[in-house]
Amino acid sequence: MPKRDSAVPPAGRGASTSNRNRRGGRPLPPRSDRPWWQAPWVPAAGAAVLIAVIVVVYIAFTPAKQTSSTPSGSSVPSNILNAVTKPSESVLSTVGTGGQQSSLTRLRGEILKDSSGKAIVVYVGAEYCPYCASERWAEVMALSRFGSFSGLTMTTSSRLDAYPDTPTFSFHGSSYTSQWVTFEPTEMQDRLGNSLETMSAQVSQIFNNIDQPPYTGQKGGFPFAYIGGQFVLSGTGVPPQVLQGMSAKQIAASLSDPNSPVTQAIVGHANYLTAAICLSTGDQPGAVCSSPTIKGIESQLSAQSQP
């Protein structure tokens, strides 16, 4: 027969004094014969392990869009801003259309102007959209020939969409001043897909009536650009794949080279947009709209058939 644990006093013999250790005189803890998995600490330990597993799984499978290496809304470095808002006149004239077809569709109707007589240019897009990202380079370049931006910021398209992390500008929080053009941009969502802005009543009416076939490629698609009631963008004028893998700094640096595919795409489309705006402003300002390059593109746009 196995010996009994000496820490457990025999019944009836000094139970009150023999349950003590020899050195400290303190009572020894009662013995338990239960298996370890029935110990009172097991449920708490199990819960802690379960929580740890849930945290690890959440971190491992949380979509990458929850974080960003490029903070949305960061300021635009001056070298990038100057490259896109003040392109060389020689580059503008050398590139011309960039050898690409117009992505603008001619509309029927009168020129749309605001109460002060300025042509209205509308843009609707979203920061997550890679096609909007590439389009904004040309939009900023063209509009900067008629006025000036303040508050432009930099961001990238979603890293989960096609052509991930395409460098771009955001119109959210920006303002535009021009003697000839009123620019009304709306960034519907940020790069993570969260709601950002809502369209004004006028822009909403234009968007809902025009952003659909036969004027554009699909109903309610981004980017949407509407120029003075005369032209609407169908698709995007700057293919985002041209910018893929490049930083904003690299894109800006390319704009000084008329032979660069990046320059031909951005400047070529910007010249189309410029000509369309000139047709909406009565060819004002003359310093921009009297350019032989722009006049030639105007003739091309004016010859388009209307849907």
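Key figures for this structure:
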| quantity | calculated |
| --- | --- |
| Check on residue 262, part of a helix (DSSP H, G or I), under 22 Å from the mean Cα position of the chain (by Cα) and surrounded by 14 or more Cβ atoms within 10 Å (Cβ to Cβ) | yes |
| Breaking point among (1) modelled with pLDDT of 95 or more; (2) part of a loop (DSSP other than H, G, I, E, B); (3) in contact with a Gly (Cβ under 9 Å, 6 or more places away or on another chain); (4) not small (Gly, Ala, Ser), for residue 87 | (3) |
| Strands (runs of 3 or more DSSP E) contained entirely in segment 136-254, each with at least 3 residues that are in contact with an Asp or Glu (Cβ under 6 Å, 6 or more places away or on another chain) | 181-187 |
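The values are calculated or read from the model by the stated rules, or taken from the named source; none is laboratory data. Because the structure is predicted, anything quoted here is derived from the model rather than measured. Glycine gets a Cβ as well: all are built from the backbone with ideal geometry, and neighbour counts include every protein chain shown.
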